[in-house]
Amino acid sequence: MPGGVSSPVRAYKPYPFFTASAKGSRIYDIDGKEYIDYCLAYGPLVLGHRNEAVKEAVSEQLERGWLYGTPHEKEIELAKKIVNHYPSIEMVRFVNTGSEATMAGIRLARGFKERDKIVKIEGGFHGAHDSVLVKAGSGATTYGIPDSKGVPRDSVINTLQVPFNDAEALNNTLERNSGEVAAVIIEPVMGNVGPIPPGDGYLHEVRKITSENDVLLIFDEVITGFRLALGGAQEFYDVDADLTILGKIVGGGFPIGVFGGRKEIMELVAPSGGVYQAGTFSGNPVSITAGLKTIEIIEREQVPERINKAGERMQTALSEILRDSGVEGCVSGVGSMFKVFFSPSGKEVRNYADALSCDKNKYLRFFHSMLSTGIFLPPSQFETNFISFAHTDDDIERTIEAYKGNLEQVAWKQD
Ligand SMILES: *Cc1c(COP(=O)(O)O)cnc(C)c1O
């Protein structure tokens, strides 16, 4: 396995721990060490590991089969839940991953508008497929530059980029490419360069600018969906998208992706329309069952409100600790998503360029010292920490203490 892993973010020096099991807020390695987990498989585990009710629902489903290759009733139930919570969604298609969903969503937008260009945000991540694997930081140039070897220039030639939190840059790009852009795809809260919330009014401006320029707005809510609120960032910030991408949480920890939107757009998807999309494992009853049960619990237990509150407590405490420690950095995040950025002079991080200016080596040292005190954070300055419903007040307080001790160490070792 290249790098010894099945996905690149999991690798870190000298080598990652191997997991033996996990339960609730805890993950256990094969040496028997226990960690409080804030990586949480990079987002899906909003209820924590191995939730009992989800496990039971999945076990029951297994008794009736795990793959049919036919429609089944639970697909309808989950579709209804999604449509109920997201007023901008009237129809959905289930797929297997977030990557697949953004790929199909972009194809659909292009098919609907009969235009080839799309605009993405610098540093925005929409999965590992060709048209969105464009080097962030290259600016809203006419031609994108491939980020990965093996991506043909031709497949990113139609991907334009603008910085996050810069409505004017978006407007200028759409005006310059008038009549040629099918859609703007955006994570309403950036989640894959560390969490970066939208500035006041930014998402509303994006909505207005895309409407005025007759361009579809695609919200990639693979992270924010069912996390910030049941209705995702669209409910949290009170703004509607034309197409929405869901994933991660909506499969309850099993592989899933969803794209959905207004009926007039979605009806263009095969077999009712001419935009082709297909998948052997799509809508499989295990992922659908886990997702359904997870959403039921999120609804019943008011999970977003509760984890958001824990996140606020965390952010407030970390800001104070950071200030007292004298370490250069800032706390960024919203709701249950948070991160300490080692930013120069403690400058606020508002976009990709700001995130890139942070000290990633210092972060790695910090990550290792947190790990040795039993706290598992994502092993990159550019990944988000998540809080789950399984994290107790005691977990949060222990984590805050660990930040305090380890940030003091960072300060002590500074230059
Ligand atoms: C994780 C992620 C994806 C990709 O989802 P996969 O299931 O890993 O393919 C897409 N968009 C965003 C915002 C993500 O965080």
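Computed from the coordinates by the stated procedures, all read-outs in this text should not be read as laboratory data. If you're wondering where the values come from, they're calculated on a predicted model, not measured in any experiment. So basically every Cβ, Gly included, is an ideal-geometry build from the backbone, and we count neighbours across all protein chains shown.
For segment 66-300, the Kirkwood hydrodynamic radius comes to 17.7 Å, computed from all pairs of different C-alpha atoms. Just to be sure I understand: with springs between alpha-carbon atoms less than 10 Å apart, which residue in PRO71, PRO198, PRO304 has the highest mean-square fluctuation in the Gaussian network model of the chain? Per the Cα network of the chain with a 10 Å cutoff, PRO71 tops the list. For segment 70-80, putting each phi into the Karplus relation 6.51 cos²θ - 1.76 cosθ + 1.60 with θ = phi - 60° gives couplings of 9, x, 9, 5, 5, 4, 5, 4, 5, 4, 4 Hz, in residue order, rounded to whole numbers and with x for Gly and Pro. Students often get this wrong: which residues of segment 202-217 have the backbone nitrogen under 15 Å from the point 7 angstrom along Cα-to-C-beta of LEU268? Taking a point 7 Å out along Cα→Cβ of LEU268, the residues of segment 202-217 whose backbone N falls under 15 Å are 214-217.
Residues considered: PRO188, PRO163, PRO344. Largest GNM mean-square fluctuation over the chain, using C-alpha springs under 10 Å, is found at PRO344.
Dividing the summed helix terms, -39500 (n - 2.57) for each DSSP H run of n ≥ 4, by the number of residues in the chain produces a 222 nm estimate of -11500 deg cm²/dmol to the nearest 500. For segment 163-180, putting each phi into the Karplus relation 6.51 cos²θ - 1.76 cosθ + 1.60 with θ = phi - 60° gives couplings of x, 5, 6, 9, 5, 5, 4, 5, 4, 4, 5, 5, 5, 5, 10, 3, x, 10 Hz, in residue order, rounded to whole numbers and with x for Gly and Pro.
Normalised by residue count, segment 94-233 yields a Cα convex hull volume of 108 Å³ per residue. Given an 8 Å cut-off on Cα distances and at least 6 residues of separation, report the relative contact order of the chain as a percent. With pairs under 8 Å counted, the relative contact order is 21 percent. Springs join every pair of Cα atoms under 10 Å in this Gaussian network model of the chain, and among GLY123, GLY405, GLY260 the largest mean-square fluctuation is at GLY405.
Length available on full extension from ASN361 to ALA278: 0.36 nm per residue minus the Cα-Cα distance, which gives 25.7 nm. Scattering from the chain was approximated by placing one identical point on each alpha carbon and applying the Debye formula without solvent; log10 I(q)/I(0) at 0.08, 0.09, 0.12 1/Å stands at -0.42, -0.54, -0.98. Taking amide H positions as modeled 1.01 Å from N, with prolines and chain starts lacking one, the residues under 5 Å from ALA183 and 5 or more places away or on another chain are VAL119, LEU216.
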